[in-house]
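A short write-up of the structure that comes next.
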Amino acid sequence: MMPSQPARIAYIAGYGRSGTTILDIALGQHGAVLGAGEITSLTRHVWRNNEYCACGNPIRDCSFWSAVCQEWSANPDPDLMSEYCALQTKFEGLSILIRVLSGLDLGKSFAKYARHTERLINAMVSRSGKQIIVDSSKLPGRAMALAQIPGIDMRVIHMVRDGRGVAWSLLKPYERDTKSGLQKEIRRKSVFRTALRWSVVNLAVEYLSRKLGPEKVMRVRYEDFASDPVAVMQQIGAFLDLDLHQIGSSLKDGEPVGPGHQVAGNRLRMNGSVALSKDESWRARMPAGQQVSFERLCGWMLRRYGYL
């Protein structure tokens with residue numbers, strides 16, 4: 001039986017290494033909220049590779065996700081996962097923004113994508129007993145796709161971090177360590193590559209914002225969140241119709257928050273508890289030449305978000 005009210009999603013969009021995982025975990029501290037992590041990855045690779053849930057169990061041994069997938073696909077059916085993955089590839093990329101903004105028809109296969117997605121989200125609502133699902137998939141294309149589904153009521157939080165800090169974070173390589181949340185080796189990314197992608201993704205979220213309207217999208221800067229979590233959580237609370245004051249106060253006092261059932265995302269989700277701290281080590285440690293290179297490439301975007 002389908003629910004009479006649309007499923008509520010708080011979608012965190014933006015570029016990686018911008019604080020999306022810690023915001024997901026923080027929102028999940030509210031009794032009415034399920035912090036689910038990067039839901040797009042559940043069917044893309046998490047279930048197939050039996051990757052770890054933030055609860056510490058492999059996904060197929062996680063009581064929550066195994067129940068969700070059982071309800072969603074009855075077996076769970078591996079063919080459904082494969083079919084849905086193909087639909088995700090088709091509809092969750094940046095191209096869907098162009099198609100929607102141009103008024104182009106999404107085609108018959110979108111109805112199938114919408115049906116599978118709505119059933120998955122409803123299974124998560126049913127099994128968790130929560131009112132709001134946090135999806136920190138970040139992809140602006142997925143956000144646009146979700147916005148086209150009548151059975152989903154979505155609000156978007158656009159998370160932005162100073163691109164120089166993002167670039168510095170991505171200059172560091174990490175070896176594969178599945179249990180700590182690193183499912184594959186992470187190679188260092190060049191400043192040029194990060195600058196290009198950081199700009200494109202954030203601009204795509206802005207185009208999404210124009211389509212959805214200001215009542216559906218709010219912007220949060222990572223630096224503001226880390227400096228004054230009380231004020232930012234109050235703003236998010238007003239946006240989502242939730243009282244988040246106590247969570248903001250706990251974050252400000254340095255109290256750790258416990259991850260729940262987040263999938264994929266930053267490896268910090270695998271820690272038993274996480275405390276919010278403002279990481280601006282790039283200011284002192286990132287070589288001046290690399291900072292200048294990023295500024296030359298993306299100075300206009302840095303100014304747009306108040307970083308220059």
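From the list Gly299, Gly258, Gly289, exactly one residue is out of contact with any Cys (no Cβ under 8 Å at 6 or more places or on another chain), of a type in the set (Gly, Ala, Ser) and either under 30 Å from Arg60 (Cβ atoms) or modelled with pLDDT under 95 (or both). Which is it?
Matching residue, one of Gly299, Gly258, Gly289: Gly258.
For segment 6-35, give me the residue count where each residue is under 29 Å from Leu196 (Cα atoms) and touching a His at 6+ places or on another chain (Cβ under 8 Å).
2
For Leu146, only one of the following conditions fails: (1) crowded, with 18+ Cβ neighbours inside 10 Å; (2) under 26 Å from Gly213 (Cα atoms); (3) over 19 Å from the mean Cα position of the chain (by Cα). What is its number?
Condition not satisfied by Leu146: (3).
Of everything in segment 1-25, what is farther than 21 Å from Leu170 by Cα and within 13 Å of the chain's Cα centre (by Cα)? Give them in sequence order.
Once the filter is applied, which keeps residues that are farther than 21 Å from Leu170 by Cα and within 13 Å of the chain's Cα centre (by Cα), segment 1-25 yields Ile9, Ala10, Tyr11, Ile25.
What pairs come out if I take residues in segment 223-238 that are in contact (Cβ under 8 Å) with a residue 24 or more places away in the chain and over 13 Å from Asp24 (Cα atoms) and pair them with residues that are among the charged types (D, E, K, R) and part of a helix (DSSP H, G or I) whose C-beta lies under 7 Å away, six or more apart or interchain?
The qualifying pairs are Pro229/Lys252.
Exactly one condition in (1) in contact with a Leu (Cβ under 6 Å, 6 or more places away or on another chain); (2) within 24 Å of Val46 (Cβ to Cβ); (3) modelled with pLDDT of 95 or more is false for Val205; which is it?
Against the list (1) in contact with a Leu (Cβ under 6 Å, 6 or more places away or on another chain); (2) within 24 Å of Val46 (Cβ to Cβ); (3) modelled with pLDDT of 95 or more, Val205 comes up short only on (1).
Scan segment 277-307 residue by residue and report those that are of a type in the set (Phe, Trp, Tyr) and in a helix (DSSP H, G or I).
Trp282, Phe294, Trp300
Scan Leu104, Leu97, Leu120 and give me the residue that is of a type in the set (A, V, I, L, M), within 21 Å of Val205 (Cα to Cα) and touching a residue at least 40 places away in the same chain (Cβ under 8 Å). Give the steps one after another, and end with the answer.
Details: Leu104 fails: touching a residue at least 40 places away in the same chain (Cβ under 8 Å); Leu120 fails: within 21 Å of Val205 (Cα to Cα).
Only one candidate qualifies: Leu97.
Got a sec? Which of Gly237, Gly163 is touching a Leu at 6+ places or on another chain (Cβ under 8 Å), over 23 Å from Ala10 (Cα atoms) and either at pLDDT 95 or above or not hydrophobic (A, V, I, L, M, F, W, C) (or both)? Quick ask: steps written out before the conclusion?
Values: Gly237 fails: over 23 Å from Ala10 (Cα atoms).
Exactly one of Gly237, Gly163 is touching a Leu at 6+ places or on another chain (Cβ under 8 Å), over 23 Å from Ala10 (Cα atoms) and either at pLDDT 95 or above or not hydrophobic (A, V, I, L, M, F, W, C) (or both), namely Gly163.
Being part of a strand (DSSP E or B) and buried (at least 16 other Cβ atoms within 10 Å of the Cβ) narrows it down to one residue among Leu23, Leu34; which is it?
None of the other options fit; the residue is Leu34.
The values are calculated or read from the model by the stated rules, or taken from the named source; none is laboratory data. Just so it is clear, the structure is predicted and the values come from calculations on it, not from any experiment. FYI the Cβ positions are ideal-geometry reconstructions off the backbone, even for glycines, and counts take in every protein chain you see.
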